[in-house]
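Heads up, the thing below is written out as structure tokens.
Read the figures in this text as sums done on the coordinates, not as results from a lab. Just so you know, these numbers come straight off a predicted model, no measurement behind them. Here Cβ is always computed from backbone atoms with ideal geometry, including for glycine, and neighbour counts include all displayed protein chains.
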Amino acid sequence: MSVELDVFVVNTTIMDEEVYQLWLDGYTVNDAVKVRMEGGVLEGCEASAEVLHSDTMDQYRTFQMCERLLHSPVKLANQLLFQIPPHRQVMLIERYYAFDSVFVREVLGKKLSKGTKKDLDDVSAKTGVTLKSCRRQFDNFKRVFKVVEELKGPLVENIRQHFLLSDKLARDYAAIVFFANNRFETGKKKLHYLTFQDFAFCAGQLISNWTVGALGDYNMVEDMDVDLEKEFLQDLKELKILITDRDLLDQHKSLVCTALRGKTKAFNEMEANFKNLSRGLVNIAAKLTNTKEVRDFFIDLVEKFIEPCRSDKWTAGDMRLYLTHYTNSAHVLDTFKHQVVWDRYMGVIKSCILKMYHD
Amino acid sequence: MPGKLKAKIVAGRHLPVMDRASDLTDAFVEVKFGNTTFKTDVYPKSLNPQWNSEWFKFEVDDEDLQDEPLQITVLDHDTYSANDAIGKVYIDIDPLLSSEAATVISGWFPIYDTIHGIRGEINVLVKVDLFNDLNRFRQSSCGVKFFCTTSIPRCYRAALVHGFVEELVVNEDPEYQWIDRIRTPRASNEARQRLISLMSGELQRKIGLKVLEMGGNAVVGYLQCFDLEGESGLVVRAIGTACTLDKLIPGSASNTNTHPNTAPASNACNSPSKEIKESPLAHGCRSSHNSPVHSACSSQRLSHSQNFSVSVPTLVFTGMGSGISVGKEAGPLKTLLRQQAQSALEQREFPFFTLTCFPPGFLVHIGGVVSARSVKLLDRIHNPDEPETRDAWWEEIRQEIKSHAKALGCHAVVGYSESTTICEEVCILSASGTAAMLNPRFMREGCLDAGGSDQRLSRQPPLGMVGSERAEGEVSSSWLGFDDASPPSCGFCHIPYDEFNMPFPAQLTYCYHCRRQKVPDVLFTTIDLPAEAAVTGKGCLIQARLCRTKKKAQGEVNATAISNLLPFMEYELHTQLMNKLKLRCMNALFGLRIQISVGENMLLGLASATGVYLSALPAPGGIQIAGKTPSDLSYDQHISTMQKRINDTIAMNKELYNIHPPECIEEVVGSPIPDRQRSRLFRSTSESSDELSELDLSHGKKDAFVLEIDDTDAVEDIQSLLTDAPMPAGFYSCNTEVMPGIYNWTSGLQMFTSVRVYRLNNANLTNQGLNKIFTDLCENLLKSLYFKLRSMIPCCLCHLNFTVAVPEEELIQVAVTAVAMSFDKETQLAADKALNKGSGENEEQLQFSMELCGESTSSNNQPTAKPSGLPESAMTHSSSRDRCSTWLELLRLKAHTIRRGSVKTSRRTQSLANSASSSERCSPLPEVRSRSLRSTRSLPCGAPVTVVKMTPLSFLPRTRIVKYLGIINMFFIRETTSLREEGGVSGFLHSFIAEVFAMVRAHVAALGGNAVVSYSMKECVFMENPNKNQAQCLINVSGDAVIFVRESDQEAIPPLITCGQTSTTGADGTT
């Protein structure tokens, strides 16, 4: 005797969150049954593996039918096929769009193209995330990217409205879209120690300070939050004076050193390295007009600034102290006229470096 | 031109992409009614078109309004080739024709295509302007309300119950027409859907006409079915109970609206009067083959029809033999019809009620289950306009039922239903119901006004019995005397037949409740547990399952084989039920449904019922196992182990179901405890002559229900009896509306449909093998349900009715639609404790059931309720196997009694001890409780889609139904030619059922409703051809669309309610 057909349909669609997660994680039905058995779901129930299998199948089918709707979450709310209580809808969407941080680290900053998708099996092998799950996550990135690409207005808000995601998740997606759009390099070995959340934080800083939208200029330009503001990048070139003008450089150094003296154990190293570090930061700023260089923004930050500091054993406190004084001292320089640009630049740089300065 | 139908197409959304090039669609809509079609403009290049059309107006007869659905077709405009259909929406406008139902249909409907399923949604507005029709000879019956609910709908009061209405219409099935060979599957499916929609409309209209003729204004317990007879046609038939309903005024409704039981019923036909006359004396166990119909046919037996009288009451083959012409064939039928015409009224109208729930005290006595089956050979319906053959078939069956009821001393049949099962050209027609005596007090017309004047009284409203003066007189003289004295909580258990001349052998004792009247030891019924019934402990679902192999055959040989098997099956199902009932220490079955399904090489039987312990009936005896050949020690040991297991199970079940009748020794002086009576019952499979002799020998020697272990079958059967898996903790189940012993429902409920198809891989299975498989699959399905619904714990699965079918050789299909309702554990525990403390559970049970029915009136029952708790007591086992000279006779007797419903195998007697404490338990507690009910969940507000609850029950716990919007009766076909791509058969059916739910919800929401009650899936025909990657499925669902309000916020929603209008069709409209 074999079961040819076995369905169970409810009026108010109930979904077991655990099974949903297994489905999202790309488990096959059989594997999911195994996991559930080990999880002890049968304890206290007079049920067999058969029952569990049937239940898992039913739920998997329901998820598959829902998947189409999850691709445009707004539809989920006014579709008629499944009657799902609103709080469950929120859960379904949030979980569907959730992603593994190991996975996203692999594709962050890559072009969301077919080519990348083809390489997902490597990613899967490397990260231990199932291929199915990788594909779902990748497709989610791509879908969000495509939708917001053509929309005007603030990025996070657009994502939140079109995909009904929580603020946190919408911000993460904004970061992913931002990285994909600007193709920031994140895969180099030196960057491996950085987590997705580090990058997401930086992306948030960049979006809210360096893009067109950052100025509060809401005349709804396309991609206002996705592209860095051209004018600003041009202006950044002016900062070069800080390293090209010897007087300025010395003046800057003495101001910073005066302020730091006696406040940190790493003072000697700071004093010794000041010129190098300053050159590093200002050069990064000057290069940003070139899109290719933009991609190397994070690797540059690490190579030109974070690594030297780390080898000198700066503490996080040292770093904060140094950057604060480094930024503020520039204001006292008489001949330095680019205070606004400088602040806009250093504000982001400071918070990014502070975020990225860890092991 | 008495009506103007107006429709407006507002917008569409989520349309499918029809133009691959642009990924968009150029959609327009055709609106068709009858032969008139309107079109909207094309809304180019959009998946969310905004047509915002003008009002399309159709001026039509109201006859057409009733028959025709409004057809809305969404198409994709194509400049160069034919326009592509996206899908359709059929809207039944019947709800708009009644002033009390919906006034407008407005909302989003899923656009449905039989090949692709739901493809987007369309927003439609529909209104109807009806002009007054003064034509007395009209063909329409606009305004007659239809309810699937099998009790008087809440928020109505039954002024009169007129009685049984039935109708059937036949047509050729488009699937079998020649044109079907050349048209697309889509066209064919649509032709079928359209036809069935038309036929349903026509059927409702015709039934409505009958109701108007009778003077009624509504049909309650409306049951419509399809018979897909294949080549020989398509039959749509319906039965129902005609009533005159008065709308209750919301202001005074606080405690009456929730009443389910405002249902007086009466027979419109006075036919039973004659029977009533003889009933006090009538004891005849009239076997069905003696019925007049039968003899009428048997004269023709050799030529065209044939009778079999082994417990398949009627077996008529028509069209037997190849040389028989149509004209000849009609011969016997004509004769039959002529005969019937002689007693026109009597023959045409039956004292049947499709209702299953009645006002307290309405049922005087219940005789038992009456059922009749008849095996027919299908033949092409030659003239659709005169569906005489099918009519005559049902006529026969109903006569059969009527005579069975008469034999049980009853003048009415309640909880009546009809069904068919078809395999190739063989069709089994079945009808069943519960023979009952109805309270003559309720049938006096004089009571009508009294009922109306007082809300409390109106709960037990009077009944009109049309033209039944004669009957009344007789009935009241014979019954009134004790009626007034007998407490309602046990009165219905008292036997309606004469104890000295019983229609079947049964052991009678004095009622354990009132000690005044005789009761049987076991009671089987098809109705719901009466609200006033005194019950001990909780109830549970009891199923008997049976599989019988059959040789493949054709035509009459096949029919004969089937009809020969039927009595055995009925008998065995009955034995199983009885055993399982005893194993659970219960003594009554409610909601009994016995379904027999035919396949090419097997027959399936499934009986479901809810077992309870009725306090008025004697305690059931245990089950004893007897070895047939007490030879060696190990065998004896084996038997004693088995016996121990059975005893343990019984003890465990008592605990589980909280059945604690106080163990009372036969003490009370003068209590009429009859002598112990003994009997034994034989397992049905062991029919050999030597056993029979043993039967006689052992008669009177054994105390309990005895199971003979005489062969391996029996051992297996006992094993299977014991291996019925116990329900997991926190679960209860029943197949009736309410579960005895649970009363504190929360508003949490979950309606579900589950379908399984099993393939039997090994062809040569024995009956035992098949039985095991069948039992396992039912058990597994139940286990699966328990597992899936575990988050609802503590909960009860209600209305758990399985439907079995044998769609193909080697395939078994089981479908179930039920509802899981959770209840509040804390209060339940407290109540159980209180129950156990006191001696009498009865009042508690009473409270609960009243509350469930939404009646919070203990005071109503108080005067009549038993004034004391009843300690149950004293076991006396007895049973009723009287001498049977041959096994066949035994079998026949058994089979008849199944139909009659009350085979007694053992019983206990009990004595009465009045306990003072119980009167306190009659306190108005339920009122308090129901007032304090709080809904624990609220409708999600701001949700763009109205939440529509669905339930197979007639009520939603903790809510009040404020308006009935009309009947939902929908038929869908879904077909696929890409089965694998749609996820195989399971994926295909899963999405289809989900789509059906969605379409039902959408229609309810468009009517302005927020729930469907009395929902059922009446048909689910699934066919597959995996080799061709194809599958097809037909589903028919029905229910009542309603608006409910939560009990806690009923004040908040009045704007929604437009039920201020009261029907004025009043009480005087009839009789």
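Assorted remarks:
- Relative contact order [Cα under 8 Å, 6+ residues apart], segment B:508-576, whole percent: 22 percent
- Multiplying the residue separation of A:Thr324 and A:Asn268 by 0.36 nm and subtracting their alpha-carbon distance yields 18.4 nm.
- Spatial separation of Cα centroids for segment A:11-89 and segment B:94-125, in angstrom: 30 Å
- Highest-fluctuation residue, A:Gln251, A:Gln79, A:Gln137 considered, GNM on chain A with Cα pairs under 10 Å: A:Gln79
- Built amide H within the under 5 Å cut-off of B:Phe524, gap 5+: B:Val369, B:Leu589
- Rounded if a/c under 1.5, otherwise prolate or oblate - segment A:35-125, Cα gyration tensor axes: oblate
- For segment A:142-260, alpha-carbon Rg relative to the globular expectation (2.2 N^0.38 Å, N residues): 1.32
- Taking all pairs of distinct alpha-carbon atoms in segment B:132-223, Kirkwood radius in angstrom: 15.5 Å
- Percent RCO, i.e. relative contact order, over chain A, from Cα pairs under 8 Å lying at least 6 residues apart: 15 percent
- Measuring between alpha carbons in the structure, the pairs from A:Lys110/A:Lys189; B:Lys57/B:Lys88; B:Lys552/B:Lys1018; A:Lys126/A:Lys146; B:Lys550/B:Lys772 lying more than 22 angstrom apart are B:Lys552/B:Lys1018; A:Lys126/A:Lys146.
- The charge dipole of segment A:69-200, taken about the Cα centre with unit charges on the Cβ atoms of Lys, Arg (+1) and Asp, Glu (-1), comes to about 300 debye, rounded to the nearest 20.
- Prolate/oblate/rounded call for segment B:535-663, Cα gyration tensor, a/c under 1.5 rounded: oblate
- Packing-based exposure ordering (other Cβ within 10 Å, fewest first) of A:Phe232, B:Phe350: A:Phe232, B:Phe350
- Partner lysines for A:Lys253 [C-alpha distance under 21 Å; skip if fewer than 8 residues away on the same chain]: A:Lys237, A:Lys240, A:Lys263, A:Lys265, A:Lys275, A:Lys304, A:Lys313, A:Lys337, A:Lys350
- Here B:Ile422, B:Ile596 are placed in order of increasing Cβ neighbour count within 10 Å, fewest first, which gives B:Ile422, B:Ile596.
- 3J(HN,Hα) from dihedral phi, segment B:608-618, Karplus parametrisation 6.51/-1.76/1.60, rounded to Hz, x for glycine, proline: 10, 7, 10, x, 9, 9, 7, 5, 7, 9, x
- Order of B:Val74, B:Val598 under a 10 Å beta carbon neighbour criterion, fewest first: B:Val598, B:Val74
- When the P(r) of segment B:1-131 is calculated, the portion above 24 Å amounts to 28% of the C-alpha pairs.
- Dipole check for chain A: with +1 at the C-beta of Lys and Arg, -1 at the C-beta of Asp and Glu, and the Cα centre as origin, the magnitude is about 1260 Debye.
- Here the Karplus curve 6.51 cos²θ - 1.76 cosθ + 1.60, taken at θ = phi - 60°, turns the phi angles of segment B:805-821 into couplings of 8, 10, x, 8, 4, 6, 10, 10, 10, 10, 10, 9, 10, 8, 10, 9, 10 Hz, with x standing for Gly and Pro.
- Cα gyration tensor shape for segment A:289-353, rounded if a/c is under 1.5, else prolate or oblate: oblate
- Working from Cα pairs under 8 Å separated by at least six residues, relative contact order for segment A:225-359 is 34 percent.
- Cut-off 15 Å, label 7 Å out along Cα→Cβ of A:Asp343, residues of segment A:199-214 by amide N: A:209-210
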